[in-house]
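Remarks on the structure that follows.
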Amino acid sequence: MRNGGPKARIAVIAGDGIGTEVTPQAVKVLKAVRAAARRPMEFVEFDWGADKFLREGVTLPPGAVELLRDEFDAILFGALGDPRVPSNQHAADILLGLRFKLDLYVNARPVELLDDRLTPLRDRTEKDIRLMVFRENTEGLYVGVGGVFKQGTPDEIAVQEDVNSRKGVERIIRYAFEYAGQNGLKRVCMSDKSNAMTFAHGLWQRVFKEVRQQYPDIDSRHLFIDTLAMEIVRDPGQFDVIVTCNLFGDIISDLGAQLAGGLGLAPSGNIHPGKTSLFEPVHGSAPNIAGKGIANPLGSVLTSAMMLDFLGWKPQAELVRAAVRAALRENYVTPDLGGGKTTGEVADWLVDFVEKNNFAGR
């Protein structure tokens, strides 16, 4: 169905911890959107997570990747991580497995301040903090190439390889420029550490120099990652689009999320344009608050809005974001954001907003 077709088929993987609490609430909001839009959207739930792994020894069942790739338009993901699985094997097999096997090379992390009171930066407003971080999602230090020699001895050596291919680097840099152009944004910043990682990030430098010449209407520049970290705190308003490698993107997008109110409000997409893609909130499984009814569902709801954009349901995505902004203005939020509402109460409020403000269905 992708790109605005008649029907959307969504795989729902709630996972572990608060993922099992916030994901159903996001689905509840999506069902209200579906009714408001009077368009078909089907949800199919999968119980992949720690419970299944501990019960059956199964992470991704045989044929799971092919099933998702061939029969679904998108995946709405919760969170993975459970103290009963200290190795976190199931999380790596499922989440990283899907990223690699579905070739979800774009990790899109919007950094957007939705209410002025939420940023820790003094005198910054919503207009100052609005940017997109694109993280290369299938290479770098996350591919698991490396090993340990003489483990457990005083001479132990650990090696982790940073893998960068020209194909991988070029397609994420090009995606960043294309996104900027399609969304009327004028600035792209590429960040690396080529002054220290001369081989791996020298490739990023060469590819960026070539690709940027094909987009003369976009102001493009380079910053080393340490400088970028300082600058995004000093003046986040100078950035529209940031593109960087897997590890640095992981770090800088979390820094950006904190500037915009914390991980509880941070959505993300793992995207391969035109193919089945996966959308997940950034906050993780948070086992310390799981089961208490206080998990913030807004990150999952904002993630569902990103998914709607991907599916071509753009008016509906804006309706969901409008609902979240309204909840923040009314302080109808969970304790982490200074409110006193439960996870379910916040979601019910959002559903009510969608039903009363159905401009997207007209």
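The values are calculated or read from the model by the stated rules, or taken from the named source; none is laboratory data. In this text, all values refer to a predicted model and were calculated from it rather than measured experimentally. Glycine gets a Cβ as well: all are built from the backbone with ideal geometry, and neighbour counts include every protein chain shown.
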Which residues, taken from the range 210-236, are surrounded by 13 or more Cβ atoms within 10 Å (Cβ to Cβ) and farther than 13 Å from Phe177 by Cα? His222, Leu223, Phe224, Ile225, Asp226, Leu228, Ala229, Glu231, Ile232, Val233, Pro236
Name the single residue, out of those in the range 237-254 being of a type in the set (Val, Ile, Thr) and under 30 Å from Val333 (Cβ atoms), that is surrounded by the most Cβ atoms within 10 Å (Cβ to Cβ). Ile242
For a quick check of your reading of the model, give me the residue pairs whose first member lies in the range 106-131 and is over 14 Å from Gly261 (Cα atoms) and of a type in the set (S, T, N, Q), whose second is assigned to a strand (DSSP E or B) and at pLDDT below 95, with beta-carbon atoms closer than 7 Å and at least 6 apart or on different chains. none
Over 22 Å from Arg34 (Cα atoms), over 19 Å from the mean Cα position of the chain (by Cα) and of a type in the set (A, V, I, L, M): which single residue out of Ala323, Ala290, Ala266, Ala260 fits that description? Ala290
Let me confirm something: among Gly269, Gly256, which residue is part of a helix (DSSP H, G or I), in contact with a strand residue (DSSP E or B) (Cβ under 6 Å, 6 or more places away or on another chain), modelled with pLDDT of 95 or more and within 21 Å of Glu136 (Cα to Cα)? Gly256
Going by the structure shown, is Ala305 in contact with a strand residue (DSSP E or B) (Cβ under 8 Å, 6 or more places away or on another chain), within 24 Å of Gly17 (Cβ to Cβ) and free of Cβ contacts under 8 Å to residues at least 60 places away in the same chain? yes
Candidates Glu66, Glu126, Glu71, Glu56, filtered to the one that is over 30 Å from Glu170 (Cα atoms), over 18 Å from the mean Cα position of the chain (by Cα), surrounded by fewer than 15 Cβ atoms within 10 Å (Cβ to Cβ) and charged (D, E, K, R): Glu56
Filter the range 175-189 down to the residues that are under 14 Å from Gln214 (Cβ atoms) and in contact with a Phe, Trp or Tyr (Cβ under 7 Å, 6 or more places away or on another chain), then identify the one that is surrounded by the fewest Cβ atoms within 10 Å (Cβ to Cβ). Gly181
Near pairs, Cβ below 6 angstrom, 6+ apart or cross-chain, from the range 272-290 (farther than 18 Å from Phe134 by Cα) to any residue that is assigned to a strand (DSSP E or B) and of a type in the set (Gly, Ala, Ser): Gly284/Ala79; Ser285/Ala79
Would a scan of the range 202-221 turn up a residue that is at pLDDT 95 or above, among the small types (Gly, Ala, Ser) and either over 24 Å from the mean Cα position of the chain (by Cα) or in a helix (DSSP H, G or I) (or both)? yes
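So that you can scan it fast, the table gives a plain yes or no per residue for (1) crowded, with 20+ Cβ neighbours inside 10 Å; (2) of a type in the set (Asp, Glu):
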{"position": "Leu298", "(1), (2)": "yes, no"}
{"position": "Pro315", "(1), (2)": "no, no"}
{"position": "Ala323", "(1), (2)": "yes, no"}
{"position": "Thr334", "(1), (2)": "yes, no"}
{"position": "Gly339", "(1), (2)": "no, no"}
{"position": "Glu345", "(1), (2)": "no, yes"}
{"position": "Asp348", "(1), (2)": "no, yes"}
Helices (runs of 4 or more DSSP H) wholly inside the range 284-362 that include at least 2 residues being under 22 Å from Pro120 (Cβ atoms) and not aliphatic (A, V, I, L, M): 314-329
Mind listing whichever residues of the range 68-83 are modelled with pLDDT of 95 or more and charged (D, E, K, R)? Arg69, Asp70, Glu71, Asp73
Right, Val243: in contact (Cβ under 8 Å) with a residue 60 or more places away in the chain and either in a loop (DSSP other than H, G, I, E, B) or touching a Cys at 6+ places or on another chain (Cβ under 9 Å) (or both) or not? yes
Looking at Ala305, Ala266, Ala257, Ala290, which is the one that is in contact with a Leu (Cβ under 7 Å, 6 or more places away or on another chain) and either buried (at least 18 other Cβ atoms within 10 Å of the Cβ) or over 22 Å from Ser191 (Cβ atoms) (or both)? Ala257
Count of the range 14-47 residues which are hydrophobic (A, V, I, L, M, F, W, C), at pLDDT 95 or above and surrounded by fewer than 24 Cβ atoms within 10 Å (Cβ to Cβ): 6
